[in-house]
Amino acid sequence: MDDSFSLLKAEAELCEEFDEDGDSLEVKHFVFEDLLDTSEKFICKRKQLGGGFCLYRYYLLKDSRSIFSRREERPLGCYLCYRDGTVLTFEDFNFKIQSFDEFTLLVEAIEVSSGISYFFELCNLCELPEKVKAEQDVALTLFCQSVKKLPPPTRFDQIADENREVLKLAEKGNDKALEKLERELGREETIRLLKEVREHPEELFDTYISCTENAYKVIGIVTDVKVVEVEGRKFLRLGILAEDLDFTVLTPVKEGIADGDRIEVIGKLRGVAVF
């Protein structure tokens with residue numbers, strides 16, 4: 001088995017084994033009302049797995065107006081979630097779903113204390129009230145798709161460090177950020193820094209976070225290592241500190257990862273609203 005994808009494999013296996021007698025809940029949050037026809041309901045079936053893990057399987061139900069037709073049930077996806085992640089407080093939730101033809105759990109929300117926008121798949125939509133309160137706690141976990149150990153940084157690039165946030169914006173194609181860098185640092189230095197940010201951010205920064213629509217790359221320092229288990233499958237639960245932010249990471253069990261290690265993790269954030 002390829003370790004890089006064992007989380008995805010475990011999710012597929014657990015969803016295949018899903019007991020259809022699990023709790024059934026209707027999604028009540030108002031955001032989804034405009035996406036539904038009058039004969040449709042948006043529901044999920046929930047199953048607690050123990051160890052902090054749970055499954056949510058989403059469906060679109062359509063009642064037929066004909067007495068001879070059966071109710072149509074359209075599956076929208078099944079998601080493995082972890083309730084013991086890093087709890088943060090968010091506001092200004094922006095649900096990214098546009099239609100059920102391209103179903104997504106993706107949400108963008110602003111973390112209250114830092115003002116930073118996070119992208120994450122909010123797994124328990126069916127547990128949300130009709131309206132999310134102004135500030136909502138969410139337990140976040142980075143579901144790892146790849147992880148590797150990194151050596152300590154060999155140099156400190158003060159220019160890169162002082163322009164970290166502007167470099168991130170420019171790397172994503174922000175024209176104003178690019179103009180600012182070229183004006184203050186010159187074109188050649190800007191080209192050099194952007195090339196290194198794209199190809200080797202671990203050589204520029206001791207810790208680093210980049211994100212594009214819930215695809216996260218986090219370079220950080222391991223602060224905690226535990227083994228967790230779900231249905232006979234074992235994973236590492238890592239605490240990581242990056243850019244003064246705490247992350248909980250779930251990754252396949254790998255030998256040699258310990259407190260104080262510097263690692264690079266690539267994956268997606270999943271969240272569970274805490275009530």
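The values are calculated or read from the model by the stated rules, or taken from the named source; none is laboratory data. What you see is a predicted model; the values in this text were computed from it and never measured. Counting neighbours? That spans all protein chains shown, and the Cβs are built from the backbone with ideal geometry, glycine included. Accessible surface is based on the protein model in full, side chains and every heavy atom, while ligands, DNA and RNA are left aside. Shrake-Rupley method; radii C 1.70, N 1.55, O 1.52, S 1.80 Å.
Restricting attention to the stretch 258-275, which residues are open to solvent by less than 50 Å² (accessible area, probe 1.4 Å) and assigned to a strand (DSSP E or B)? Arg262, Ile263, Glu264, Val265, Gly267, Leu269, Arg270, Gly271, Val272, Ala273 - these are the residues of the stretch 258-275 that are open to solvent by less than 50 Å² (accessible area, probe 1.4 Å) and assigned to a strand (DSSP E or B). Could you grab me the full set of residues in the stretch 98-147 that are touching a residue at least 60 places away in the same chain (Cβ under 8 Å) and among the acidic types (Asp, Glu)? Those that are touching a residue at least 60 places away in the same chain (Cβ under 8 Å) and among the acidic types (Asp, Glu): Glu121, Glu127, Glu130, Asp137. Contact annotation: no residue pair with Cβ atoms under 6 Å, 6 or more positions apart or on different chains, pairs a residue in the stretch 6-21 that is surrounded by 13 or more Cβ atoms within 10 Å (Cβ to Cβ) with a partner that is in a loop (DSSP other than H, G, I, E, B). Which condition from (1) touching a helix residue (DSSP H, G or I) at 6+ places or on another chain (Cβ under 9 Å); (2) open to solvent by less than 10 Å² (accessible area, probe 1.4 Å) is the one that Ile240 breaks? With respect to (1) touching a helix residue (DSSP H, G or I) at 6+ places or on another chain (Cβ under 9 Å); (2) open to solvent by less than 10 Å² (accessible area, probe 1.4 Å), Ile240 is out only on (1). Checked across the stretch 233-240, the condition of being over 24 Å from Gln158 (Cα atoms), assigned to a loop (DSSP other than H, G, I, E, B) and in contact (Cβ under 8 Å) with a residue 12 or more places away in the chain holds for no residue.
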